[in-house]
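The values are calculated or read from the model by the stated rules, or taken from the named source; none is laboratory data. Because the structure is a prediction, the values reported are computed rather than measured. With ideal geometry, Cβ positions are generated from the backbone for all residues, glycine too; neighbour counts draw on all protein chains shown. Surface accessibility is based on the protein's heavy atoms, side chains included, excluding ligands, DNA and RNA. Shrake-Rupley method; radii C 1.70, N 1.55, O 1.52, S 1.80 Å.
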Amino acid sequence: MFDNLQDKLEKAFHVLKGHGQVSEVNVAETLKEIRRALVDADVSFKIAKEFTNTVKEKALGADVLTSLKPGQVLTKAVRDEMATLMGGTASDLDLSQKPSIILMAGLQGSGKTTHSGKLANYLKRKKTRKVLLVACDVYRPAAIDQLHVVGEQIGVEVFSDKENKNPVDIAQKALAHAKANGFNAVIIDTAGRLAIDEEMMAEIRDIHQAVKPQETLFVVDSMTGQDAVNTAKAFNDVLDYEGVILTKLDGDTRGGAALTIRSVVNKPIKFIGTGEKMDALDVFHPTRMADRILG
Ligand code: GDP
């Protein structure tokens, strides 16, 4: 995960290694390398610059120039600031309502269906919920079939209606079914398109208004870099969602989305997807992620 960023940060800190004492020039050089590493990882220039400015202040506040271990002081400042940038602490789901309604939103191919299944599996096993999965993609019959395959794999019932072309109606019928049958969590998988368009946004907004989910989760492919951040913003403008699921972190992803989505939309990343299997879902911990990035 984030191999390139890791390598570059390691090289940036190398300047300080072995120095008993460092000069302002050494620190400035290191910060510049860090900024470059972040921009290469798809962090916007503005955020990268603010980041290194804050790190500089913190490091100077911690007397990096007179410290016997300046490398450690600076690494700690970077680690702390990265964790802060990613939201500080982990953010849980609100499952207080019965049934808890979770709406999955995002572009086609982002991993919505896969992560609907992973989340159902997580709620079933870790939170002992009786979960109902709902197929609301009325455009692609294959997506409905895919959700059924996923449901079978994890032993979770899937509600669908291939004849019905009205996703709001399907969602409402699914909710009634959930209430009548003692389900205490409902996960609604919705249709996505390859790019943002008015129709998709109107549809997901209608479903959102009709079912009033406690958790609307925006699912986004981490491999899409700055586009991930832009899409996150567009969906948040319409849905004001509760959190983000960042997928495909097992791939050759650069890190920009993980580092910056939180600060751009002011919503937490709640989960990360780390593979295609149903158990490849982790609660997102900003401090642990910062530790991983810094090795
Ligand atoms: P949807 O169109 O948003 O419902 O996306 P899908 O759930 O169908 O996922 C699209 C593709 O990405 C599928 O081939 C999934 O197996 C794959 N995928 C989804 N999540 C992950 C992940 O976290 N890691 C990897 N490596 N592949 C994933």
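Structure above, values below:
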| item | result |
| --- | --- |
| Of residues in region 203-223 being without any contact (Cβ under 8 Å) to a residue 60 or more places away in the chain and under 27 Å from residue 258 (Cα atoms), the one surrounded by the most Cβ atoms within 10 Å (Cβ to Cβ) | 222 |
| Elements of type strands (runs of 3 or more DSSP E) in region 226-295, at least 1 residues being at negative phi, within 13 Å of the ligand (Cβ to nearest atom) and surrounded by fewer than 19 Cβ atoms within 10 Å (Cβ to Cβ) | 281-283 |
| Tally, over region 116-149, of residues that are of a type in the set (Lys, Arg), within 13 Å of the ligand (Cβ to nearest atom) and touching a helix residue (DSSP H, G or I) at 6+ places or on another chain (Cβ under 8 Å) | 0 |
| Unmet criterion (only one of (1) part of a helix (DSSP H, G or I); (2) surrounded by fewer than 16 Cβ atoms within 10 Å (Cβ to Cβ); (3) of a type in the set (Asp, Glu)) for residue 80 | (2) |
| Any hit, region 55-66, residues being among the polar types (S, T, N, Q) and open to solvent by less than 60 Å² (accessible area, probe 1.4 Å) | no |
| Residue in region 83-99 that is free of Cβ contacts under 8 Å to residues at least 60 places away in the same chain, open to solvent by less than 30 Å² (accessible area, probe 1.4 Å), out of contact with any Phe, Trp or Tyr (no Cβ under 9 Å at 6 or more places or on another chain) and at negative phi present | no |
